[in-house]
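Structure first, then comments.
The values are calculated or read from the model by the stated rules, or taken from the named source; none is laboratory data. Given the structure is predicted, the values throughout are model-derived calculations rather than measurements. Here the Cβ positions follow ideal geometry from the backbone for every residue, glycine too, while neighbour counts run over all protein chains shown. We work out accessible area using only protein heavy atoms, side chains counted, and drop any ligands, DNA or RNA first. Shrake-Rupley method; radii C 1.70, N 1.55, O 1.52, S 1.80 Å.
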Amino acid sequence: MKQHFRSFLLALTSSLAILFTPAQAQITGPAPNQEKPQQFQLANGLTLIVKPDRRAPTAVHMLYVRVGAMDEVDGTTGVAHVLEHMMFKGTPTTTPGEFSRKVAALGGRENAFTTRDQTGYFQQIPAGGLEEVIRLEADRFANNKWADDEFKRELEVVKEERRSRTDDNPRAQMYEQLSGVVFQTSPYRRPVVGWMSDLESLTPDDAREFFRKWYVPANAAVVVAGDVDPQQVRQLVEKYYGSIPARAVPPRKPREETEQAGIRRMEFKAPADQAYIGLAFKVPQMRSFERTPENTDALALTVLSAVLDGYEGARLGRALTQAADRVADAVDASNGLWGRGPQLFTLAGVPAKGKTPEQVEAALRAEVARVARDGVTEAELQRVKTRWIAGEIYKLDSVMSQARELGNAWLLGLPLNAGELLMQRLGEVTADQVKSVAARYFGDDQLSVGILRPLPVDPNRKPRQPAVQTRH
């Protein structure tokens, strides 16, 4: 259930080594063999971020474009994701699929992703192949070109992704519809993969226009991490990306979510083995590292989500799934710390046999109310903070993770040391702050509830075989 309707904590890490004791968590500075990231700006507006990590002769090259499903307009939902697929279909000098074949020939791997907030492309290769992937990525960023027939074929792949990941998944369908209930005016209400009716009518020119509008240097960042020299990388990026003409980023009109003033409920019926319930509370998001009330509350809410469901034996699991008369088979809590659009605190659960979604809802809310009444212990706070710190240490082993987190920091306009700052701010969260947000943000006025009501599953129904193979 954790993959749906949650904004994962972007624990944006730069080079840290962290020393922790039972009493406190303390950031102590750069780890051995770790160098600080550097940021450059090309004349055409492109941002370059380089993070050396010389422990292995590999490198990661990522291209981030600050455009995603939230930048689409009604009638063309899914176009950002479709364009991501089309970026693999060639340029005037490369044929469809040639990009992937060349990366494989280097001994590398590559893929791409689209979210509400962004589109990203990445390659992980031996460090000696870095110039080639920079050349290839710069070429398709500037010169993406394909025939209408290629678009029609790839559109079928995207439709198959929608069928397999959403249309054949009752919980995904429920959350898709709940998004439209939670968000009335925010573009977050639309699915990243797009509505099927929009995909059916999407045209090659819709994708081309989206490409021309948003794929401009000033709306993109190149992130390189691994066994590299920053000045050499800068020269290569200047060589291949620097000649792309500068163009203005189109203005984005604000589309703020309207204020909610009362509980919203929806139900979705589909063949399923079990019922399911999701609760979404509108909460403040962290926009910077300034010590504003909104930023402080967003951090405290993130700590609250971890106290509820951040480790084996946390509060929700212990209270709802382990008692003799347990109410749920599974539970979940998460907080959207930050993003380009509005964020949510979500609670979810699968009712145990003989229990109802309404009983799970009451039990979930009762656990939050218990925190609001009794607070949390210092031992709980220390446990979740220590787990975060340990996770940051482990992330340093992955060059890909370092590159992605630097790209996410750029996307949100955060500094390169955002990871260090985030750990410092989370370490400052107090038990009183967690108790306070539990008391203030979980009433009815900001709550939307979605329930999956299971219909009988046809025992004779055979699983649908995919008509085409998806790329991702």
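With Rg and the Kirkwood Rh both taken from Cα atoms, where does Rg over Rh land for the stretch 282-438?
Result for the stretch 282-438 is an Rg/Rh of 1.00.
What does DSSP give for the chain in terms of the percent of beta bridges that are antiparallel, rounded to the nearest 5?
Looking only at bridges with both residues in the chain, the antiparallel portion is about 80 percent.
Among LYS51/LYS239; LYS36/LYS395; LYS269/LYS355; LYS282/LYS355; LYS89/LYS395, which pairs are too far apart, with a Cα-Cα distance over 21 Å?
LYS282/LYS355; LYS89/LYS395
Name the residues whose placed amide hydrogens come within less than 5 Å of the amide hydrogen of ASN111, ignoring near sequence neighbours (fewer than 5 apart) on the same chain.
Here the answer is PHE122, since their amide H atoms fall under 5 Å of that of ASN111.
Give the Debye-formula value of log10 I(q)/I(0) at each listed q (0.13, 0.25, 0.26 Å⁻¹), with one equal scatterer per alpha carbon of the stretch 197-281, two decimals each.
-0.86, -1.24, -1.27
Please list log₁₀ I(q)/I(0) at q = 0.15 Å⁻¹ for the stretch 360-457, using the Debye equation with identical point scatterers on the alpha-carbon positions.
Scattering profile of the stretch 360-457, log10 relative to I(0): -0.88.
Say each of GLU378 and THR185 gets a label point 7 Å from the Cα, pointing the same way as Cα to Cβ; how far apart are those two points in nm?
4.6
Count charges around GLN359 for me, please; just the other residues with Cβ under 15 Å from its Cβ, Lys/Arg as +1, Asp/Glu as -1.
0
How far is the Cα center of the stretch 348-378 from the Cα center of the stretch 399-461, in Å?
18
Restricting the calculation to Cα positions, tell me the Rg (one decimal) and the Dmax (whole number) of the stretch 78-167 in Å.
Cα-based Rg and Dmax for the stretch 78-167 come out at 13.7, 43 Å.
Using a simple spin-label model with points 7 Å from Cα along the Cα→Cβ vector, what separation in nm is obtained for PHE40 and LYS239?
1.2
Testing the spin-label approximation: label points 7 Å from Cα along Cα→Cβ at GLN322 and ALA127. State their distance in nm.
4.6
Given a cut-off of 14 Å, what percent of all Cα-Cα pairs of the stretch 376-415 lie beyond it?
Above the 14 Å cut-off, the stretch 376-415 has 61 percent of its Cα pairs.
Just to check I understand the Karplus step: with θ = phi - 60° and J = 6.51 cos²θ - 1.76 cosθ + 1.60, what whole-Hz values come out for the stretch 265-277, glycine and proline as x?
10, 8, 10, 10, 10, 6, x, 7, 6, 9, 6, 7, 9
How big is D for the stretch 312-359, in µm² s⁻¹ as a whole number, if Stokes-Einstein is applied with the Kirkwood radius of its Cα pairs at 10 °C and 1.306 mPa s?
After rounding, the answer is 133 µm²/s.
On a full-extension model of 0.36 nm per residue, what is the gain between ALA390 and ASN111, subtracting their alpha-carbon distance, rounded to one decimal in nm?
97.6 nm
State in Å² the accessible area per residue of the chain; use a 1.4 Å probe, count heavy atoms of protein chains only, and round to the nearest integer.
Here the per-residue accessible area is 43 Å².
Averaged across orientations, what area in nm² does the convex hull of the alpha carbons in the chain project?
Computing the convex hull of the Cα atoms and averaging its projections yields 23.3 nm².
Give me the mean projected area, in nm² to one decimal, of the convex hull enclosing the Cα positions of the stretch 218-258.
About 4.8 nm², averaged over all directions.
In the stretch 134-241, if every C-alpha pair distance is counted and binned at 10 Å from zero, what percent goes to each bin?
Histogram of Cα-Cα distances, whole percents per bin: 11, 29, 28, 23, 9, 0.
Taking the Cα atoms of the stretch 232-366, what is the range of coordinates along each of the three principal axes, in descending order and whole Å?
66, 40, 37
Over the stretch 261-300, with every protein chain in place, what whole percent of the accessible area is carbon and sulfur at 1.4 Å, could you tell me?
48
Where does the chain land at 222 nm, in deg cm²/dmol rounded to the nearest 500, when only DSSP H runs of n ≥ 4 count, each adding -39500 (n - 2.57), divided by all residues?
It comes out at -12000 deg cm²/dmol, rounded to the nearest 500.
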